[in-house]
Structure formats: structure tokens, C-alpha cells
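Read the structure below first, then the notes.
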Amino acid sequence: MTAATIPIRIDHEACTECRMCYVVCREIDLNAVYVAPEPLHRFEIDPGRCQYPGCTACLMYCPAPDSIIEVGSGRSLVPPPPDVWTPDRRVARETA
Amino acid sequence: MPRPNHPLVQQFLDAWVTPTGFSGPGVEFRMRMTARCLPIWNGATARAVKGGEADRGLTGDNWKMERALAGYALEGPQMSIKQMSTQLLSVPMDQQARYIDLQRMRARQIWDEVKHGQLNADVLLRGGRIKKEDELMASVEANAQDNLAYFGLTSMFAHLHPLARAAQNYFVEAIACLGITATLGAVDDPLIRHQMRSQQAEELMHFMEGKFQLDAYCLTPEEQRPVEDAFDFLLKPWATKMNPAFGARREGGA
């Protein structure tokens, strides 16, 4: 399911590097969020792994307004606009 | 018919509470806990708005110093370095693999609270109340806080399950977020606004820690029960209150 992905990026002016997007992305085994190889340890989003808008899980736990944006449109995704948290995008979490 | 939420609470719900990345029993559990939290969130927010409006009418710096001292007691070294570090111990070694990211979130929260303690010290230093932070070490006001549930420490020792602190993250940190929003809406003082703005997103991160733990980890009755026990404690009328650092007013205070 990679046909219609839209690139998103972290705005480092707004991001607090809290790690929530990284934790969420790891939790669902996408691992699209990674720590950049630079001294500030900032997070970046790998467009080759990220499935946005098919997956929007990280956006639901990001606490820093305007810190994740669509690359093309510049639209802010934090807090998540209603069209990106529709039920079909939620990751099913059932008991083992 | 339920009472309408305070407008600031409704904004908080729409932006940060209702959107969810998961479906399943964890989210259902969180929504049930949210309904229990709402009366307290609404009441605390209304009081914080009132407190902020009262602060706006004050002259002098005493009210700012009272806020900062209370904030230092909440987030200064006694809490943020000494006591809060113990929260990492609630994850035993045999569950470390499952909860490794939970521990990292909590380690991050400890560092955030350390910074917030420094912000409160900055208000006291830049406001001229103290010349050096050393002066705060012997101050009762700067080191003791009487909120039983703040950071969930009192509750933690009675609720040792690795997930129990999710209740604190979710319930108490929401109150901090709402108090900051209420204060920023009412108070013009640049020192107070700086202190609040600097920690606003991090308080929200601590809330998000709780939201994530509830959604992603609290899936079975065995995982939910110890968290609900912690909510039961936090929701007791005597356990949690808005601290002056986040806009509450002392009984009979100015």
C-alpha cells in the first residue's frame, strides 16, 4: 500500500524532539521516523517507509502544534485535521 | 443530558483527546476514563480562568513569586530529580522488553520536569526574589507541595504496575495543559507567559504519553485494572487539585 503516499516532514522550528512520533512509528513496525545522523539528534521521516495518508498514527500523539507538515501543500497536521483521523486509518489493536 | 464542557476543555478534547491512532479495547478504555475525568477537568479549568483573571488585576510581583515557588516545589530538584526518577523502577527487568519505550518516555518526562523547575527558578531570579538558586534549597515553599497525586508519586507507591502511571499522565497532565491555556488567555506578564509558553508543548507531551499508553498497551482486563485503580485514586476529591503554579488560587488568597 504505497501507491498514493504523500510526503510529510518534521518542522524543526516547532518540534520539541519529544520522541512520540518515533515511539508510535516503532510500535506499529513501520520505522519511518528515524534519528538523523547529526549532533542534535533531530527526527526525520523516511518517505520510502512512511505511508501517510494511509497511516496517520504518529499525528495522533504529537504534542507540538505545526511540527509535522505536508511537504507539498505546507498544511499543518498537528493537531490532526479531522480528515486525517477517520476510523479506517486507525491501527487495530486487539488483545493477544 | 450531560452538561456542556468548558470551551477550553472542548477545544482540548477536539484537538488532542478525540483523535486516535488505534482502535480496540485500549481506546475504548481511554474513552471511558475520559468521561470520568471530565468533571474535574471542567472544574479545574473554570477555576484557573478565574485565577488568571484575578492575577491580571494584581499589582506588584508577589503573585508571580507565589506561582514560581509553587512551580519549583512541583518541578524543582526534589520532585523532578529525586522523586520522579523512581518512576522508572515500576518497570521490572522481566518486562523491560515490552515496556522499553515506555521507560524512554518517562526518562524524557523526567528531563522535561528538570527544565520546568529551572524555568520557575528563572522567574524567581529574573524577578529579583532571589539572587542565586541556592537560596531555594532551604525554602519550604520551594520544596514542599501538598498535592497527593502530583506526578502520581503518592499514588505510584500504592500502584506499582508498570502501566499505572498512565493514569497520572492522562488525568493530571491534562489539568496542567488546561491550566496553562487558561493562564495564557488571561495573564499578560512577560515572565509568567515565558515560563508557561516554554513548557506548554512538553506538558502536552506528558499527556500524550498517557494517551498512548492507554490506547496501545491497556488492552486486557489485567492491564486495565491497575490503571483504573490509579484513576480511582486520582479522582478522589482530596487527591488531586490544581496547583497555584498552573493558575489555582489559595483558599482565601488574593
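Each row is one residue, and each column tells you yes or no for (1) in contact with a helix residue (DSSP H, G or I) (Cβ under 6 Å, 6 or more places away or on another chain); (2) away from chain A (no Cβ under 14 Å); (3) part of a helix (DSSP H, G or I); (4) not small (G, A, S).
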| residue | (1), (2), (3), (4) |
| --- | --- |
| B:A15 | no, no, yes, no |
| B:R36 | no, yes, yes, yes |
| B:P39 | no, yes, yes, yes |
| B:G43 | no, yes, yes, no |
| B:G51 | no, yes, yes, no |
| B:S80 | yes, yes, yes, no |
- Can we say B:L184 is within 12 Å of another protein chain (Cβ to nearest Cβ) and of a type outside the set (S, T, N, Q)? no
- Select from segment A:4-36 the residues that are on the phi > 0 side of the Ramachandran plot and away from chain B (no Cβ under 12 Å) and list them in ascending order. A:D29, A:N31
- Candidates B:G76, B:G51, B:G60, B:G71 - the one that is out of contact with any Asp or Glu (no Cβ under 6 Å at 6 or more places or on another chain) and on the phi > 0 side of the Ramachandran plot: B:G60
- Task: Being more than 10 Å from every other protein chain (Cβ to nearest Cβ) and charged (D, E, K, R) is the filter; apply it to segment A:60-96 and report the residue that is surrounded by the fewest Cβ atoms within 10 Å (Cβ to Cβ).
- Result: A:D83
- Query: For A:A57, are the conditions met, namely being touching a helix residue (DSSP H, G or I) at 6+ places or on another chain (Cβ under 7 Å), away from chain B (no Cβ under 12 Å) and crowded, with 21+ Cβ neighbours inside 10 Å?
  - Reply: no
- Query: farther than 16 Å from B:M205 by Cα, crowded, with 22+ Cβ neighbours inside 10 Å and in contact (Cβ under 8 Å) with a residue 60 or more places away in the chain - does that describe any residue in segment B:95-110?
  - Reply: no
- Message: Among the residues that make up segment B:169-176, is at least one of them among the small types (G, A, S), part of a helix (DSSP H, G or I) and over 19 Å from the mean Cα position of the chain (by Cα)?
- Response: no
- Looking only at segment B:49-70, which residues are surrounded by fewer than 17 Cβ atoms within 10 Å (Cβ to Cβ) and not acidic (D, E)? B:K50, B:A54, B:R56, B:G57, B:L58, B:T59, B:G60, B:N62
- Test B:L204 against the stated conditions and say whether it is assigned to a helix (DSSP H, G or I), over 18 Å from B:Q109 (Cβ atoms), of a type outside the set (D, E) and within 14 Å of chain A (Cβ to nearest Cβ). no
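No value in this document is a laboratory result; all are computed from the given coordinates. Computed from a predicted model, the values in this text were never measured in an experiment. Note: ideal-geometry Cβ built from the backbone for every residue, glycine included; neighbour counts use all protein chains shown.
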